[in-house]
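Q: Structure in structure tokens, see below.
The values are calculated or read from the model by the stated rules, or taken from the named source; none is laboratory data. Nothing here was measured: the structure is a model prediction, and the numbers come from that model. Reconstructed Cβ throughout: ideal geometry from the backbone, glycine too, with neighbour counts over all protein chains shown.
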Amino acid sequence: MKKSIYVFLALVIVSFSVDAQVTRLQANQDESFIKYKLTHPLHEVEAISKKGICIVNADTAAKKIKQFDSGNSNRDSHAMEVINAIKYPGAKFLSSNIVYKGDTLIISGAMTFHGITKNIIFDAVQKWTNNKLEIDGSFKLSLTAYKVDRPTLLMMPVNDDLDFTIKEVFNL
């Protein structure tokens with residue numbers, strides 16, 4: 001029996017500054033996704049969703065992101081049980097700081113998952129072209145840090161980390 005964890009994830013990344021040319025953009029679902037990888041000693045499970053909605057408020061002149069909000073609504077019944085999704089229906093990230101190093105964004109803030117909030121930092125890369133903004137990032141979440149019982153297969157638990165990858169593409 002294949003055991004997997006689907007995670008609903010809403011990321012909100014906010015950079016606080018006042019700019020006159022902020023534009024609200026919605027990600028192109030055909031090109032955007034959020035996925036995770038769960039590793040077990042015997043195999044890996046990777047799940048991907050292209051159903052999320054992601055909104056960015058971007059200063060297109062300064063080429064800076066002002067807000068980022070992404071969701072994944074695909075959860076199977078076992079995953080809902082494992083992460084107690086009825087009681088904790090989603091995950092949310094709210095940034096407290098974005099540091100720009102060229103096209104790299106160093107994003108820090110509070111991640112709430114399984115009813116527990118912890119500070120995390122992760123990197124993303126922004127790529128601006130004449131007609132698109134692309135954001136690629138990755139981060140890890142520890143199941144035990146968020147008090148999620150690690151699923152087992154043949155009495156062996158999955159690795160503690162869930163590896164997340166996000167790609168959001170916006171038409172300018």
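Q: Out of the residues in segment 129-156 meeting the condition of being modelled with pLDDT of 90 or more and polar (S, T, N, Q), tell me which one is surrounded by the fewest Cβ atoms within 10 Å (Cβ to Cβ).
A: Among those residues, the one meeting the criterion is ASN131.
Q: I've got another one for you. Just to be sure before I move on: is GLU46 closer than 16 Å to LEU141 by Cα, of a type in the set (Asp, Glu) and modelled with pLDDT of 75 or more in the structure I sent?
A: yes
Q: Which number in (1) surrounded by fewer than 19 Cβ atoms within 10 Å (Cβ to Cβ); (2) in contact (Cβ under 8 Å) with a residue 60 or more places away in the chain marks the one condition that GLN126 misses?
A: (1)
Q: Is there a residue in segment 57-76 that is assigned to a strand (DSSP E or B), modelled with pLDDT of 80 or more, touching a strand residue (DSSP E or B) at 6+ places or on another chain (Cβ under 9 Å) and over 20 Å from ASP163 (Cα atoms)?
A: Scanning segment 57-76 turns up no residue that is assigned to a strand (DSSP E or B), modelled with pLDDT of 80 or more, touching a strand residue (DSSP E or B) at 6+ places or on another chain (Cβ under 9 Å) and over 20 Å from ASP163 (Cα atoms).
Q: How many residues are of a type in the set (Val, Ile, Thr) and in contact with a strand residue (DSSP E or B) (Cβ under 6 Å, 6 or more places away or on another chain) if we restrict to segment 124-138?
A: 2
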